[in-house]
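Shown next, in structure tokens, is the structure this report addresses.
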There are 2 protein chains.
Amino acid sequence: MATLKDISHMLGISVSQVSAALKGNSDVSEETRRRVQAAAKSLNYSPNLSARKLVSGRSGIVALVVREHEGLTRDATFVETVAGLSRQFSRRNMQFVLHIAAANEPPEQTYGRLIGGGSLDGFVLTEPEPEDARIAYLQAQGVPFVVSGNCGSDSNFSFYEIDNFSVGYKLAKHLVENGHRRIALLNGRAGLNSAYQRQAGVEAALKEVGVDLLPELIRNARFSESYGLVSLTQMFSTEQIKPTAVVCGNLSIAHGVYRAAEAIGLVIPDDLSVVAHDDCLPHHKVQGFAPNLTVSVSDLSASWGPLADLLIGRIEGKALSELQIFVPVDFIERASVAPLR
Amino acid sequence: MATLKDISHMLGISVSQVSAALKGNSDVSEETRRRVQAAAKSLNYSPNLSARKLVSGRSGIVALVVREHEGLTRDATFVETVAGLSRQFSRRNMQFVLHIAAANEPPEQTYGRLIGGGSLDGFVLTEPEPEDARIAYLQAQGVPFVVSGNCGSDSNFSFYEIDNFSVGYKLAKHLVENGHRRIALLNGRAGLNSAYQRQAGVEAALKEVGVDLLPELIRNARFSESYGLVSLTQMFSTEQIKPTAVVCGNLSIAHGVYRAAEAIGLVIPDDLSVVAHDDCLPHHKVQGFAPNLTVSVSDLSASWGPLADLLIGRIEGKALSELQIFVPVDFIERASVAPLR
DNA sequence: AAGTACATCCGTAACGTTCCGGATACGAGA
DNA sequence: TCTCGTATCCGGAACGTTACGGATGTACTT
């Protein structure tokens, strides 16, 4: 509640001098600085953000916009993203607002409405798509943003990108080396860059032995346990060609696959080899799998901090070259893959 | 980006007139109001929140503060609360910020830091406790807030309260009427008002037939499936007295209990009667239970809208008497309770 | 004709901060 | 003595908005 004016009255010096003393970067004597700091503490002063934002043009508020959809709140990635970003921005004394946009509202409109308010400094975007309308719009508007996820290397914006091509490639390569050729891919939602990249990786590994990825063994959907469960069950209940191995987009899917395999009576890895990508989210831990799951791994929860820093850097106008992070993925062989008999 | 000044230049009228026209409550002719609104739309005007906050004292930003803890992101109630409030405030053109506070930071300090900035209009509090330090602090500071949950009827603040005493009473009463006396209570986290209330309700129902709730049959913990699973398993694996019926705090716990019962070899309801409170969150649906679960029910997802309205009313200084909502609970008998043999 | 009432508008101040040009004082160098 | 540099400070102005006292014009009353 105390203002700069209160301090200036108390000490008999000007408001601008108090302001300068508090930021410490300007010309003010060592003694007045001490007096000002003491007074500020005694009056329990804290700067009025609105006033500061009014003159600086910044609000200290950033937002994540997600599209409303069925099952949103059961989407582990969504939940972790919200919590992770909130934690990181809170820690940096910024406000993180979550905006859940109506499903039928076009993204440009949502973002337009939000940036119109003039109270948002920037955005975090997730799940980028090819030719992403949001990215085009925000770039055109000159609004700072950072993208979490794959978007092609020649991008002229800030991003934190996981090497999803390698995810697909490393997982499929390992299966191929074990003799597998009929590989199923339970991938992410169709239209996602990350899903394209992973599929490309899988295809590349198969191509090296002259084999194509069969369209009927590809599935695309939002990550969930039931998606894995249903997909595998279907693949083994039809008269179609059956896979000898399956690549799962994340641990939820893998969990569904394990359950389906048990129900159908398939033994992993003897009857079916399974690999997955582990993004280290707490909802499904890799320790819960028997037999132990062979995975590619990249810790998504390590991304929220860098993501926050990237966006702040962007807002402060840092050079783009410092604001692009590319994360390699690890590969850990365990016990869920067997050589094809 | 457009300001009131831009509009005033464009139309040749004063800034104050434009401001008045846009809020509509002051003296401005019908024609100028139309012209101003048209101009505002064409310039894509939207008010600068920092400036508005500076003079009016309001920012249009509200916050939910939650304490960091293990398993936070797997807490269905937390997730639904965040998503639900975010949706409702977005819809009302307000910003909803989620703040995840460090576990070791005392609440007063967190709230003090946030309100010190002067850019927050109010707070939503969840999971109130007796003698809640947050409530005391915010009341002392005169900051608007609304409490979601039980807090005693004579409160002089705004709340949305579910009749948790009735939850305990109705569930236990039904069990008692079926002859049960050794009733287990898998309740919420110790220290929560809601948990106290529910326990009081259960005790009241038992007292009517002259029986006490046995301390060894009471558990307190955060709601989760594993909590239900483990608790029931423990109760039936020790040499202690075993319950003939169990009251579950929510559907997650009930689910764990069902799984544990199956594993132990108990048939519901023949060997064990089960009742639960259903708060209608999408993570666990009551349809997923076999045999069908007898429940008390109150739709938590119906609370986010009223909660938003209550907080807004509080910020706008409405009378407290209009800002206190008390929600009764329903009781639905299904097939998970059998008369004690 | 003068006064009153009302509708409609304007100008200015204020909110709390930062930025910037310009004061003031003092000592050093010419 | 005059100029110059430096260290330290002050006084506005500005950011975009709202609140408020007052101005203007019109119509109606007496």
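In nm, one decimal, shortest first: how far is the label point of B:ASN292 (7 Å from Cα along Cα to beta carbon) from the matching points in the other copies?
Computed spacing set for this position: 4.8 nm.
Any chance you could check the Cα centroid distance between the range A:229-285 and the range A:77-150 for me, in angstrom?
Comparing the Cα centres of the range A:229-285 and the range A:77-150, I get a distance of 33 Å.
What's the minimum Cβ distance from chain B to the axis relating it to A, in whole Å, and which residue gives it?
Nearest to the symmetry axis by Cβ: B:SER50, 2.
So what does the Cα-only Debye profile of chain B read at q = 0.12, 0.14, 0.15 Å⁻¹, as log10 I(q)/I(0), no solvent term?
-0.87, -1.08, -1.19
Note down the relative contact order for chain B as a percent, whole number, built from C-alpha pairs under 8 angstrom at least six residues apart. Write down the numbers at each step before the final one.
Working: 610 pairs, mean separation 52.6, N = 341.
That works out to 15 percent.
So which GluC sites (Glu not before Pro) in the range A:208-253 are both in a DSSP loop and have at most 16 other Cβ atoms within 10 Å of their Cβ? Let's see the in-between values first.
On the way: sites: A:GLU208, A:GLU216, A:GLU225, A:GLU239; in loops: A:GLU208, A:GLU239.
The qualifying sites are A:GLU208, A:GLU239.
From the mean inverse distance of alpha carbon pairs (Kirkwood) and the Cα radius of gyration, derive Rg over Rh for the protein assembly as shown. Don't skip to the answer; put the middle values down first.
Numbers: Rg = 28.8 Å, Rh = 28.4 Å.
My calculation puts Rg/Rh at 1.02.
HN-Hα J couplings of the range B:210-227 from phi, Karplus 6.51/-1.76/1.60, θ = phi - 60°, integer Hz, Gly and Pro as x?
x, 10, 9, 6, 6, x, 6, 9, 10, 10, 10, 5, 4, 4, 6, 5, 5, 4
Roughly how many nanometres apart are two label points built 7 Å out from the Cα toward the Cβ at A:PHE326 and B:VAL55?
It works out to 5.1 nm between the two label points.
Could you work out how far helix B:304-315 tilts from the main Cα principal axis of chain B, as a 0 to 90 degree angle to the nearest 10?
Relative to chain B, helix B:304-315 is tipped by roughly 50 degrees.
In what sequence do B:LEU229, A:LEU98 fall when counting other Cβ within 10 Å, fewest first?
On the way: B:LEU229 20, A:LEU98 25.
In order of increasing Cβ crowding within 10 Å: B:LEU229, A:LEU98.
Quick one: order A:VAL55, A:VAL65, B:VAL15, A:VAL36 by neighbouring beta-carbon count within 10 Å, fewest to most.
Numbers: A:VAL55 8, A:VAL65 19, B:VAL15 14, A:VAL36 25.
Going from least to most buried by this count: A:VAL55, B:VAL15, A:VAL65, A:VAL36.
Compare B:ARG34, B:ARG189, B:ARG67 in a GNM of chain B, Cα atoms joined below 10 Å, and give the one with the largest fluctuation.
Highest fluctuation of the listed residues: B:ARG34.
Taking Cα atoms, how many degrees apart are the long axis of helix B:164-177 and the longest axis of chain B, rounded to 10 and kept between 0 and 90?
It works out to around 20 degrees.
Once the Cα gyration tensor of the range B:1-148 is found, what semi-axes does its equivalent ellipsoid get, as square roots of 5 times the eigenvalues, in whole Å, sorted largest first? Display every interim value, and only then the final one.
Numbers: eigenvalues 305, 54, 32 Å².
Working from the Cα gyration tensor, I get semi-axes of 39, 16, 13 Å.
Just need the Rg to Rh number for the range B:1-84, please, alpha carbons only, Kirkwood Rh.
Details: Rg = 19.6 Å, Rh = 15.7 Å.
We get a ratio of 1.25 for the range B:1-84.
Using Cα pairs closer than 8 Å and at least 6 residues apart in sequence, work out the relative contact order for the range B:1-128, in percent. Could the numbers behind the result be given before it?
Details: 130 pairs, mean separation 32.4, N = 128.
About 25 percent, as a whole number.
What value does the range A:190-303 have for Rg/Rh, both radii from Cα atoms and Rh as Kirkwood defines it? All intermediate terms of the calculation are to be shown ahead of the outcome.
Values: Rg = 13.9 Å, Rh = 14.7 Å.
Rg/Rh: 0.95.
Put the label 7 Å from Cα along Cα→Cβ for B:SER29; what are its distances to the other copies, in nanometres, shortest first?
When each copy's label point is compared with this one, the spacings are 6.1 nm.
For chain A, find the longest principal axis of its Cα atoms and tell me its angle to the long axis of helix A:30-42, 0 to 90°, nearest 10.
Taking Cα atoms only, the helix is inclined about 70 degrees.
Mind checking the alpha-carbon convex hull of the range A:99-184 and giving the volume per residue in Å³?
On the way: hull volume 11.0 nm³, N = 86.
In the range A:99-184, the Cα hull volume divided by residue count equals 127 Å³.
Distance check, please: which entries in B:LYS207/B:LYS285; A:LYS285/B:LYS285; A:LYS23/B:LYS23; B:LYS173/B:LYS242; A:LYS318/B:LYS23 exceed 30 angstrom between their Cα atoms? Please report the intermediate quantities before stating the final value.
Values: B:LYS207/B:LYS285 32 Å; A:LYS285/B:LYS285 24 Å; A:LYS23/B:LYS23 37 Å; B:LYS173/B:LYS242 19 Å; A:LYS318/B:LYS23 39 Å.
With Cα atoms farther than 30 Å apart: B:LYS207/B:LYS285; A:LYS23/B:LYS23; A:LYS318/B:LYS23.
Assume the label is 7 Å from Cα along Cα to beta carbon: what separations in nm does B:ASN156 have to the matching positions in the other copies?
Distances between equivalent label points, in nm: 6.2.
Hey, rough spin-label estimate for B:VAL209 and A:ARG92, points 7 angstrom out along Cα→Cβ, what's it come to in nanometres?
6.0
Return the tail of the calculated pair distribution for the range B:250-334, meaning the percent of Cα-Cα pairs more than 19 Å apart. Write down the numbers at each step before the final one.
On the way: 1807 of 3570 pairs.
It works out to 51 percent of all Cα pairs.
Label points 7 Å out from Cα along the Cβ direction at B:ILE241 and A:CYS280: separation in nm?
That separation, rounded to one decimal, is 5.0 nm.
Rule-based calculations on the coordinates, nothing more; no lab input. The structure displayed is predicted, hence computed values, not measured ones. No Cβ is skipped: glycine too gets one built from the backbone with ideal geometry, and neighbour counts run over all protein chains shown.
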